[in-house]
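Here's the structure we're looking at; comments come further down.
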Amino acid sequence: MFTIHMPQPNEKCFQEIAEQYWKLWNFPNCIGAIDGKHIRIKCPGNTGCMYYNYKNFFSIVLQGIADANCKFFAVEVGGYGKQSDGGTFSSSKILNLLKSGELPVPGNTCLPNSEEIVPYVFLGDEAYPLLECLLRPYSQKEITKDHEYFNARLSRARKCIECAFGLLSARFRILWKPI
């Protein structure tokens, strides 16, 4: 996977992102929403089905993380189209930085209006793995009202990454057709 260079966020930057998620989306301790977007490509020669995705076209995956204002602060591009978002994430630099402790995520802190100490987290959809630093929605199997409420709040906060991709596609219309 090829990494696009962007300045790596520092601890203060993550704290500011979390404050914005709390202020704008009422979701505490969120330091970004993550998702992948399939970018249409012409099939490279001799690649078999590596780039053919579940949407029935050839693509590479652009994985991004957005702040509460729908602005990207981390991007990786080059995952195979056949990979799921979770598969792309599992081989990403961001996960390696998280696992190694090299990403300067702030330490655990209290939830607003509470004494419960919890970590800062990224928000993903159901394609992403559940990790201490990555929340995803509850499964629809045996879901409770509390889980439905949580899922709705998570989904609302996650819209930032969906909007970021929408803004990217609107600005760079070349992304609408195979490149």
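FYI, it's all coordinate maths here, none of it is from the lab. Here the structure is a predicted model, which is why all the values come from computation and not from measurement. All Cβ positions, glycine included, derive from the backbone under ideal geometry; neighbour counts span all protein chains shown.
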For the pair C163 and S84, the simple spin-label estimate (label points 7 Å beyond Cα toward Cβ) gives in nm 2.8
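Do any GluC sites (Glu not before Pro) in segment 127-156 lie in a loop, going by DSSP, with at most 13 other beta-carbon atoms within 10 Å of their beta carbon, and if so which? Write down the numbers at each step before the final one.
Values: sites: E132, E142, E148; in loops: E132, E142.
Sites meeting the loop and neighbour criteria: E132, E142.
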If each K or R counts +1 and each D or E counts -1, the residues other than G81 whose Cβ falls under 14 Å of its Cβ total +4
A correct Karplus calculation of ³J(HN,Hα) over segment 82-93, with 6.51 cos²θ - 1.76 cosθ + 1.60, θ = phi - 60°, whole Hz and x for Gly and Pro, returns 6, 6, 6, 4, x, x, 5, 4, 5, 10, 8, 5
With R₀ set to 22 angstrom, the calculated FRET efficiency between the beta-carbons of K55 and R173, to the nearest 0.05, is 0.70
Among P119, P104, P44, the residue with the largest mean-square fluctuation in a Gaussian network model of the chain built from Cα contacts under 10 Å is P44
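Using only helices, what value at 222 nm comes out for the chain when you add -39,500 (n - 2.57) per DSSP H run of length 4 or more and divide by the total residues, to the nearest 500 deg cm²/dmol? Don't jump to the answer; show the numbers that get you there.
Details: 4 runs with 56 residues, N = 179.
So the helix-based figure for the chain works out to -10000 deg cm²/dmol.
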Counting only DSSP loop positions in segment 22-75, the chymotrypsin sites (Phe, Trp or Tyr not before Pro) whose Cβ has at most 16 other Cβ atoms within 10 Å are Y54, F57
Helix 11-25 sits off the longest principal axis of the Cα atoms of the chain, rounded to the nearest 10 on a 0 to 90 degree scale, by 80
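So what's the net charge close to G36: Lys and Arg +1, Asp and Glu -1, counting the other residues with Cβ under 15 Å from its Cβ?
Numbers: positive: K37, R40, K55, K82, K93, R136, R158; negative: D35, E76, D85, D125, E126, E162.
Value of the local net charge: +1.
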